[in-house]
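Participant: Please find one structure pasted underneath; my questions will follow.
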Amino acid sequence: MKVTGACHCGRIRFEAEADPSKVLICHCLDCQILTGTAFRLVIPAALDSFMLDGEPRRYVRTGDSGARRIQAFCGDCGSQLFAMAEQGASQVNLRVGVLDQRQQLTPALQIWRRSALPWLGELGQVAACERQELLD
């Protein structure tokens, strides 16, 4: 499927071909820290299908495996856009939250589950509002 995305401010846009059955949730500590939340949702895409309009900032992180990965984000609004191997990349991992098709992309796999926050399975029991509303 063709996916398109952009950062929050719209300065950087991209598109790629991706397989919707490959969406995954990563619970690793790096993803928790880099996203500022409980996990990261990604979809891999072949690098040769990836077209980028705009120049993101890049941060290189060495993972537990020793592999060096580029983390790309908008230097203006801070939106995380994608990650890829620093050398020899054949795919790019797109951040589902910045994709226009995000509602169609259901996770098929969770990785680094041992690092998942323990309360994730209980979210269905947490009070919910349809919009930001003040709770008394």
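The values are calculated or read from the model by the stated rules, or taken from the named source; none is laboratory data. This is a predicted model, so every value here is computed, not measured. Because the Cβ atoms are built from the backbone with ideal geometry, glycine has one as well, and the counts that use them run over all protein chains shown. When the accessible area is computed, the model is the full protein with side chains, heavy atoms only, and any ligands, DNA or RNA have been set aside. Shrake-Rupley method; radii C 1.70, N 1.55, O 1.52, S 1.80 Å.
Participant: Under a 5 Å amide H to amide H cut-off, with H placed in plane at 1.01 Å, what residues pair with residue 77 once short-range neighbours are removed?
Facilitator: It is 9, by chain and number.
Participant: So, one more: Given a 1.4 Å probe and heavy atoms of the protein chains only, how would you sort 8, 27, largest accessible area at the top?
Facilitator: On the way: 8 165, 27 5 Å².
Correct descending sequence by accessible area is 8, 27.
Participant: Over what distance in Å are the Cα centres of region 96-136 and region 7-68 separated?
Facilitator: If we compute the Cα centre of each part, the gap is 18 Å.
Participant: Oh, and also: How much area per residue is accessible in region 2-125 when the probe is 1.4 Å and only protein heavy atoms are counted (Å²)?
Facilitator: Numbers: 7240 Å² over 124 residues.
On a per-residue basis, region 2-125 sits at 58 Å².
Participant: A further question follows. Given charges of +1 on the Cβ of Lys and Arg and -1 on the Cβ of Asp and Glu, with all other atoms neutral, how large is the dipole of region 2-125 about its Cα centre, in debye to the nearest 20? Mind dumping the intermediate values first?
Facilitator: Numbers: 14 positive and 12 negative charges, 51 e Å.
Value, rounded to 20: 240 debye.
Participant: Moving on to the next point. Rounded to the nearest 500, what is the chain's calculated 222 nm mean residue ellipticity when only DSSP H runs of at least 4 contribute -39500 (n - 2.57) each, over all residues? Kindly include the intermediate steps, with their values, before the conclusion.
Facilitator: Working: 1 runs with 7 residues, N = 136.
Helices in the chain give a 222 nm mean residue ellipticity of -1500 deg cm²/dmol.
Participant: Under 13 Å from a point placed 7 Å out from the Cα of residue 8 along the Cα-to-Cβ direction: which residues of region 57-97 have their backbone N that close?
Facilitator: Correct set: 74-81.
Participant: Restricting to Cα pairs below 8 Å that are 6+ residues apart, what does the relative contact order work out to for the chain? Please round to a whole percent. Write down the numbers at each step before the final one.
Facilitator: Numbers: 260 pairs, mean separation 39.4, N = 136.
After rounding, I find 29 percent.
Participant: Carbon and sulfur: what percent of region 2-125's accessible surface (1.4 Å probe)? If you can, show how the numbers build up before the last one.
Facilitator: On the way: 3560 of 7240 Å².
Whole-percent figure for carbon plus sulfur exposure: 49.
Participant: Could you list the chymotrypsin sites (Phe, Trp or Tyr not before Pro) in region 58-136 that lie in coil according to DSSP, counting only those with at most 16 other Cβ atoms within 10 Å of their Cβ?
Facilitator: 119
Participant: Count the DSSP beta bridges whose two residues both fall in the chain, then state the antiparallel fraction as a percent rounded to the nearest 5. Could you put the intermediate results ahead of the total?
Facilitator: Working: 31 of 34 bridges.
Antiparallel bridges make up about 90 percent of those DSSP assigns within the chain.
Participant: While we're looking at this one, here's another question. Label-point separation (nm) for residue 29 and residue 61, each offset 7 Å from Cα along Cα-to-Cβ?
Facilitator: Output for this residue pair reads 1.2 nm.
Participant: Additional query: Please identify every one of the trypsin sites (Lys or Arg not before Pro) in region 88-131 that sits in a loop by DSSP and has no more than 12 other beta carbons within 10 Å of its own beta carbon.
Facilitator: Details: sites: 95, 102, 113, 114, 131; in loops: 131.
Qualifying residues, ordered by number: 131.
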